[in-house]
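*Asks:* Please find one structure pasted underneath; my questions will follow.
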2 protein chains.
Amino acid sequence: MSLRSTLDFLLYDWLDAASLSQRERFSDHSRETFDAVLDTCERIAREKYAPANRIVDTQEPHFDGEKVILPQATHDAHKAFVESGMLSAAQDYDIGGMQLPYTLQAAANSFFAMASVSIGSGMLTSGNANLLMVHGTGTQKEVFAKNEFSGRWAGTMCLSEPQAGSSLSDVATRAVPDGADYQDDPLGPRYRLTGNKMWISSGDHELTENIVHIVLAKIPDANGKLVPGTRGISLFIVPKRMVNTEGELTGERNDVALAGLNHKLGWRGTTNTLLNFGEGKYPVDGKAGAVGYLVGAPGKGLHCMFHMMNEARIGVGTAAAMLGMAGYYASLDYAKSRPQGRAVQKADAGGGVVKDSASPQVRIIEHADVRRMLLAQKAYCEGALALELYCARLVDVQKTGNAEEADDARLLLEVLTPIAKSWPSEWCLEANSLAIQIHGGYGYTRDFPVEQYWRDNRLNMIHEGTHGIQAADLLGRKVLMENGRGLKLLAGRITDTITRAAQVPELAPHARALGEALQRVGSATQAAWSTGDPQAALANAVPYMQAFGHTVLAWIWLDVAARALALDGAKSNPSTAGRTGAAAYFFHYELPKIGAWLNVVESRDATCTELSEEAF
Amino acid sequence: MSLRSTLDFLLYDWLDAASLSQRERFSDHSRETFDAVLDTCERIAREKYAPANRIVDTQEPHFDGEKVILPQATHDAHKAFVESGMLSAAQDYDIGGMQLPYTLQAAANSFFAMASVSIGSGMLTSGNANLLMVHGTGTQKEVFAKNEFSGRWAGTMCLSEPQAGSSLSDVATRAVPDGADYQDDPLGPRYRLTGNKMWISSGDHELTENIVHIVLAKIPDANGKLVPGTRGISLFIVPKRMVNTEGELTGERNDVALAGLNHKLGWRGTTNTLLNFGEGKYPVDGKAGAVGYLVGAPGKGLHCMFHMMNEARIGVGTAAAMLGMAGYYASLDYAKSRPQGRAVQKADAGGGVVKDSASPQVRIIEHADVRRMLLAQKAYCEGALALELYCARLVDVQKTGNAEEADDARLLLEVLTPIAKSWPSEWCLEANSLAIQIHGGYGYTRDFPVEQYWRDNRLNMIHEGTHGIQAADLLGRKVLMENGRGLKLLAGRITDTITRAAQVPELAPHARALGEALQRVGSATQAAWSTGDPQAALANAVPYMQAFGHTVLAWIWLDVAARALALDGAKSNPSTAGRTGAAAYFFHYELPKIGAWLNVVESRDATCTELSEEAF
């Protein structure tokens, strides 16, 4: 199946995306306009992204002392992406957007992620500008957000610091008021920032005339001290080059200096940087300190950020899914064309296996183990894509549904987002490893694309909140919040699917298995928290998340298979057999894995925590 | 624990390696001489290999049109290795060897594998020369094997071909008698070879003055046709440069041409080549065709090769284990020194988790999930190393034990070798991924070593027989051969351990769990073959091998833990707690995974084989 036909099924047949056009915000849209967006993105990805994928891997970003140099192919791809209007696709018409549902935006972006994931840095610019549209002043929107949506400027998110990593409460970048009149700047209360920010994607480049950094920093109290914890964090706009209220460059550099490029295992099309703010390399008005304009209220920085967290994490999950899909298609092509070996024919007298070596070799897709590796990839990657689109649909409901629908969607997203982020990053990486394996020795060479997919995909378990952080968020917060209402909502949706699938003979055994898995996840959640001690509960948060994720994916597959059979019970279309086959694979080979993961959750196994440090 | 202290425990306390010196062949040895070998290898690995590991990754082998260029560091490391005498360590005194047990050789080699796995290409040279010592003529041993053992020349194994890959029955390289007097060459019956060999490690370089290729080829029958299948395969010595019976270079090149270097994901310290034999680039005596000298009888080539298969596969398993160990040590150091975040302290009113952000950050080894990832690595890698040394010990028993012992060792090795090769290549790769994860973003950069370990280790599931081939060998041949006697022998050893461990209160629950796992593997083996149809039996050979491997490793850990507690029941040494902790981890977190794998084996699940090709 091509990606497009898979997307068409998931969007229109499964998620009924066409009906989104009945909502007022999307009322000018129809399946035709949606398809036109998909067509455009598919074409740009094919023409500008896919051919550049190996180029951006081998021509890593480098700094010539003044500028960060990227390959010409990246400039061309970026230009085509900007011209497509996708940066502001979800925005209002009156600021030049298309009022496209997020579901469609997510689907359209999947083409770029599959063709060359590390070029596709539009997500940060959109996310940055979206945040300003919600929390910025009118002038901030006009000057910064609009110039990002138009592609004239790019955006970053500057959160991590070298000494703090994922621990945002330890952010040490300081922001002090810039002069007595700091409140009066038309671009927002003006501060001077000093500090170092690590892991900043697209932190420096020449793709655009300016870069709009959004920076987390703390405003010292009256004694000059930073407030511990995340409550003290505020948000600032720090442009690379100073601008005026007309959105024109003033010609002055802001005091933001590139301190280093990170040289990575993969994902090399995106520059990743260490930035020094306010070290005095580029003084503004003769003074050291990076000029930053406050966004929202002081101390509310993380609150503003959370607004965009769900979409960013769905973006990471989609990237992981599409890297997996790229490997799946590559290995499927290879398996269909590569002749090697023969089918097993019979057992010999001693019980050994005999093959007829005089017959011609068969294509490797005829070998059982190759098929197993292909079907595993299909189940992982198409399942992951379905989950991401399901979550994207919830984002649209949250934004445009009635109060009750919207609130349910919000809460479901709280629970599902850690899975949408973590599950594809783990299992579509495994899919990439299987794609290498199918290629044999060729898969280990750089003459085939699969080794790069595997390297690129390894990032996704790390950025935007590591696996461990997602797991602590799921078991330590999301399944507990609002007295477990999110978990109950999800269980309700899963039960609906089970009830429907139980009526279909082919799916009834899966429905039973899913019902048992759901019960076991529920009781494991209770067992984990039964002592009320977070140390004990969270000691096995990752195995819990793995089991939770496999249960969610089993549900997604059961729902997809039920829909496919409802539309084509005779399986006259091979895609129906493909979907029910992938669902069967998931239920037979994958879902039973949850037992091992939940064992240690239920028993609050303390083997790892109790071992003394000297014993490692 | 350092690698040396782990090796000391496994060799002397667990495997009683010192007692090998009671055997006649090793009677000049003692723990002192063994330790001296370990000391020397540890020092060379530290001084010459470890510092070169990143260099060989970044300075990939390249061909300047005449020569293959390797970094100077590789030449230095190779020279130090040769001077250590390890190439012929296991050989007889009278040809300059040390008559060292293979157990010690394997342990000593682990230092090189951990320090820089891809420099350590001595294994091929030793293996090549060992084969000649068994199957070669006196002159072949004198001229070729001895010059390899001395390090003057290097060796290769030329099996794969581009069109055949793992399918050796499709070898198409032809060997035809070279003239009427071809039988009379003092170096062996002289043939001319033509064909292409792919994936040849160390196929061309300037580390040594000559390279001795051992090549699989077929001698055409009277009609000029190649016999289909593996029965037609013969073995030839094909030197890169022609030599005389004195072992001197004649000054003439043989007709072996470098057709290309493979550019790999990792393992870049080893040149990997496509070689063209007999294309006429370097005619010998004015004639195209690479000159090759027959080894052993015509048509018995694979038989001769199998002789060295076990040791080669133990070598691959050891390399995988040691790459895992390198990542374990790197991430353990990092976790002990990197401060980040704080311990979870209590649940808040809403059931959420609270941390005291005013307290100083803790080192990440204090986080439960980091400990889980460390203990998993320890369990995977130390367990894998123990298995490899156990197998190496069997090699020594096979070579020097009495007839019954030797035969049992041979058969146990048949069954265990697919696990010794495959299990570390899968799970110590997973260990490397966990080592990256512990490093967070830093682990994804090339400033830290763990990403290279992960790339290097990905090769091990591919070379020396892929995962799929090992699995088919295990379930399709090894557990069936001699009416299942190998499996019964193994079950007997496992049962011995269970009986002993059942007496130790701390280990009794593990002993019960292992007993159940062993029973289930046995019944799954029967269920897989219950229809007698190899297609059905082998459809899930890889999940079978995964379950079999986890059961073997659980046994190894139980045996190691029982021995540790027998020596130090009070756990006064932290290493004892480390060993029993790793065993507990394996029994609680890993062994329960076998259920999911065996489900599909027992039911002969046909989901993957039955799906039509169009449905993928």
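*Asks:* Considering only the stretch B:271-325, state which residues are assigned to a loop (DSSP other than H, G, I, E, B) and among the β-branched types (Val, Ile, Thr).
*Replies:* Narrowing the stretch B:271-325 to residues assigned to a loop (DSSP other than H, G, I, E, B): B:271, B:278-283, B:285-286, B:288-289, B:296-300.
Listed by number, the list holds a single entry, B:271.
*Asks:* Hey, among B:143, B:134, B:176, B:171, which residue is within 14 Å of chain A (Cβ to nearest Cβ) and either within 23 Å of residue B:289 (Cα to Cα) or under 22 Å from the mean Cα position of the chain (by Cα) (or both)?
*Replies:* B:171
*Asks:* Only one of B:354, B:415 is modelled with pLDDT under 95 and out of contact with any His (no Cβ under 9 Å at 6 or more places or on another chain). Can you tell me which? First the steps, then the outcome.
*Replies:* Numbers: B:415 fails: modelled with pLDDT under 95.
Step by step, each of B:354, B:415 is checked, and only B:354 is modelled with pLDDT under 95 and out of contact with any His (no Cβ under 9 Å at 6 or more places or on another chain).
*Asks:* Report, by residue number, each residue of the stretch B:239-264 that is out of contact with any Asp or Glu (no Cβ under 9 Å at 6 or more places or on another chain) and either among the polar types (S, T, N, Q) or in a strand (DSSP E or B) (or both).
*Replies:* B:239, B:243, B:244, B:250, B:251, B:253, B:254, B:260
*Asks:* Just checking, how many residues over the stretch B:457-507 are of a type in the set (A, V, I, L, M, F, W, C), away from chain A (no Cβ under 11 Å) and without any contact (Cβ under 8 Å) to a residue 40 or more places away in the chain? Lay out the reasoning, then the answer.
*Replies:* Here is the first cut: in the stretch B:457-507, the ones of a type in the set (A, V, I, L, M, F, W, C) are B:459, B:461-462, B:469, B:471-472, B:474-475, B:479-481, B:487, B:489-491, B:494, B:498, B:501-502, B:504, B:507.
Cutting the leftovers down to away from chain A (no Cβ under 11 Å) gives us B:474, B:487, B:489-491, B:494, B:498, B:501-502, B:504, B:507.
Still in the list and also without any contact (Cβ under 8 Å) to a residue 40 or more places away in the chain: B:491, B:502.
Matching residues across the stretch B:457-507 total 2.
*Asks:* Are any of the residues in the stretch B:348-356 assigned to a helix (DSSP H, G or I) and more than 9 Å from chain A (Cβ to nearest Cβ)?
*Replies:* Checking the stretch B:348-356: not a single residue is assigned to a helix (DSSP H, G or I) and more than 9 Å from chain A (Cβ to nearest Cβ).
*Asks:* A follow-up question, please. Condition check: within 18 Å of the chain's Cα centre (by Cα), within 14 Å of chain B (Cβ to nearest Cβ), surrounded by 24 or more Cβ atoms within 10 Å (Cβ to Cβ) and under 19 Å from residue B:266 (Cβ atoms). Does residue A:432 satisfy that? I'd like the intermediate steps shown before the answer.
*Replies:* Details: within 18 Å of the chain's Cα centre (by Cα): yes; within 14 Å of chain B (Cβ to nearest Cβ): yes; surrounded by 24 or more Cβ atoms within 10 Å (Cβ to Cβ): yes; under 19 Å from residue B:266 (Cβ atoms): yes.
For residue A:432, the condition - within 18 Å of the chain's Cα centre (by Cα), within 14 Å of chain B (Cβ to nearest Cβ), surrounded by 24 or more Cβ atoms within 10 Å (Cβ to Cβ) and under 19 Å from residue B:266 (Cβ atoms) - is met.
*Asks:* In the stretch B:198-254, how many are touching a residue at least 12 places away in the same chain (Cβ under 8 Å) and within 14 Å of another protein chain (Cβ to nearest Cβ)?
*Replies:* Residues flagged as touching a residue at least 12 places away in the same chain (Cβ under 8 Å) and within 14 Å of another protein chain (Cβ to nearest Cβ) within the stretch B:198-254 amount to 14.
*Asks:* Being within 21 Å of residue B:7 (Cα to Cα) and out of contact with any strand residue (DSSP E or B) (no Cβ under 8 Å at 6 or more places or on another chain): is that true of residue B:355 here?
*Replies:* No.
*Asks:* Then there is this: Report, ordered by the first and then the second residue, all pairs with beta carbons closer than 7 Å, sequence separation of six or more or different chains, a first member in the stretch A:369-384 that is more than 7 Å from every other protein chain (Cβ to nearest Cβ) and more than 20 Å from residue B:545 (Cα to Cα), and a second member that is among the hydroxyl-bearing types (Ser, Thr, Tyr) and assigned to a helix (DSSP H, G or I).
*Replies:* The qualifying pairs are A:379/A:585; A:381/A:328; A:382/A:6.
*Asks:* On to the next question. Counting just the residues of the stretch B:572-616 that are in contact with a Leu (Cβ under 7 Å, 6 or more places away or on another chain) and of a type in the set (A, V, I, L, M), which one comes out farthest from residue B:498 (Cα to Cα)?
*Replies:* The selected residue is B:611.
*Asks:* Counting only residues that are more than 7 Å from every other protein chain (Cβ to nearest Cβ) and over 30 Å from residue A:371 (Cβ atoms), which one in the stretch B:576-616 is surrounded by the fewest Cβ atoms within 10 Å (Cβ to Cβ)?
*Replies:* B:576
*Asks:* Looking at the stretch B:531-541, is at least one residue farther than 30 Å from residue A:372 by Cβ and not hydroxyl-bearing (Ser, Thr, Tyr)?
*Replies:* The answer is no, given that none of the residues of the stretch B:531-541 is farther than 30 Å from residue A:372 by Cβ and not hydroxyl-bearing (Ser, Thr, Tyr).
*Asks:* So which of A:164, A:89, A:80 is within 14 Å of chain B (Cβ to nearest Cβ), of a type in the set (A, V, I, L, M, F, W, C) and surrounded by fewer than 24 Cβ atoms within 10 Å (Cβ to Cβ)? Break it down stepwise before answering.
*Replies:* Working: A:89 fails: within 14 Å of chain B (Cβ to nearest Cβ); A:80 fails: within 14 Å of chain B (Cβ to nearest Cβ).
Only one candidate passes the filter, namely A:164.
*Asks:* Right, another one. Within the stretch A:19-42, track down each residue that is surrounded by 13 or more Cβ atoms within 10 Å (Cβ to Cβ) and either farther than 17 Å from residue A:89 by Cα or of a type in the set (Val, Ile, Thr) (or both).
*Replies:* If the condition is that a residue be surrounded by 13 or more Cβ atoms within 10 Å (Cβ to Cβ) and either farther than 17 Å from residue A:89 by Cα or of a type in the set (Val, Ile, Thr) (or both), then A:33, A:37, A:40 are the ones that fit.
*Asks:* Just give me the residues in the stretch A:225-264 being among the hydroxyl-bearing types (Ser, Thr, Tyr) and modelled with pLDDT of 95 or more, in sequence order.
*Replies:* Passing the criteria: A:234, A:245, A:250.
*Asks:* Evaluate the following for residue A:132: is it modelled with pLDDT of 95 or more and either closer than 18 Å to residue A:38 by Cβ or part of a loop (DSSP other than H, G, I, E, B) (or both)?
*Replies:* So residue A:132 does not fit the description; no.
The values are calculated or read from the model by the stated rules, or taken from the named source; none is laboratory data. In this text, all values refer to a predicted model and were calculated from it rather than measured experimentally. Neighbour counts are summed over all protein chains in view; Cβ atoms, including those assigned to glycine, are modelled from backbone coordinates with ideal geometry.
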